[in-house]
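Notes follow the structure.
Values in this text are rule-based calculations from the coordinates and carry no lab data. All of these numbers come straight from a predicted model, not from anything done at the bench. Virtual Cβ from ideal backbone geometry, glycine too; neighbours counted across all protein chains shown.
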Amino acid sequence: SAVISQKPSRDICQRGTSLTIQCQVDSQVTMMFWYRQQPGQSLTLIATANQGSEATYESGFVIDKFPISRPNLTFSTLTVSNMSPEDSSIYLCSVDGTSGSRETQYFGPGTRLLVL
Amino acid sequence: GNSVTQMEGPVTLSEEAFLTINCTYTATGYPSLFWYVQYPGEGLQLLLKATKADDKGSNKGFEATYRKETTSFHLEKGSVQVSDSAVYFCALSKAAGNKLTFGGGTRVLVKP
């Protein structure tokens, strides 16, 4: 499976500011996904990021709030814009598996965000 | 739409006890099914998976069998350890490259 890293691992931010989270993979992958895990909750998909095209957002998530970049096959960023305390969550990126196992997703360690 | 329902926690067990976490799903066709584990302060790790009916996924002493007739994928382990304390998520995917749909998660606490 791919090795996935995220930066920062955690941050404390003031409301109204923005934070960009980076996701780096050690091999080229087709699909990258961004999930949110609110405190004590399950994971919800924010958007799917394909290289060379606009990200596809799930219902309830918009590009102005969560802009995503996917400049190449090993890297993506998620920005949480104009933050409020309700944005306090763990943000996780995931990637699809290699050929023959593409239905499987592998996750990064997550970014723990606290908004004051 | 697709959905996953798993038993609510927390589940508290003694070491060497038998663990079962129920998971049922709603989806058309034949989704792939997964169990992920989240240890305290960490991201999600794939525990096991099954991609077709009657497949059994296994890893680290955990097992789950894909039951199409009951739309279930229950997780079992015969003898848990304190190190198995974590949150366990059942999930499904309809196809390669599709999103994962997660259950609500089940917190398991194993006491010495």
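Computed across chain B, the Kirkwood radius stands at 14.0 Å (inverse of mean 1/r, all Cα pairs).
Working ranking of peptides A:32-40, A:45-53 by packing, defined as the average number of other Cβ atoms within 10 Å per residue, highest first, is A:32-40, A:45-53.
Amide H contacts of B:MET7: B:ASN22, each under 5 Å away and 5 or more positions distant or on a separate chain (H built 1.01 Å from N in the peptide plane; Pro and chain starts excluded). When only Cα pairs below 8 angstrom with a gap of at least 6 residues are kept, the stretch B:1-49 shows a relative contact order of 32 percent.
Computed over the alpha-carbon pairs of the stretch A:55-116, the distance histogram in 5 Å steps reads 4, 14, 20, 26, 20, 10, 4, 2, 0 percent, short to long. Sequence-ordered 3J(HN,Hα) estimates for the stretch A:31-38 from the Karplus curve with 6.51, -1.76 and 1.60 and θ = phi - 60° stand at 10, 10, 10, 10, 10, 10, 10, 6 Hz, glycine and proline given as x.
Principal axis analysis of the Cα atoms in the stretch A:1-94 yields extents of 35, 24, 24 Å, listed in decreasing size. Relative contact order, whole percent, for the stretch B:27-73 stands at 27, derived from Cα pairs under 8 Å and 6 or more residues apart. Longer than 24 Å from Cα to Cα, which of A:LYS65/B:LYS49; B:LYS52/B:LYS99; B:LYS68/B:LYS111; B:LYS68/B:LYS99 are they? Say none if no pair is. Where the Cα-Cα span goes over 24 Å, the pairs concerned are A:LYS65/B:LYS49; B:LYS68/B:LYS111.
Over the C-alpha trace of the protein assembly as shown, radius of gyration and Dmax come out as 17.6, 51 angstrom.
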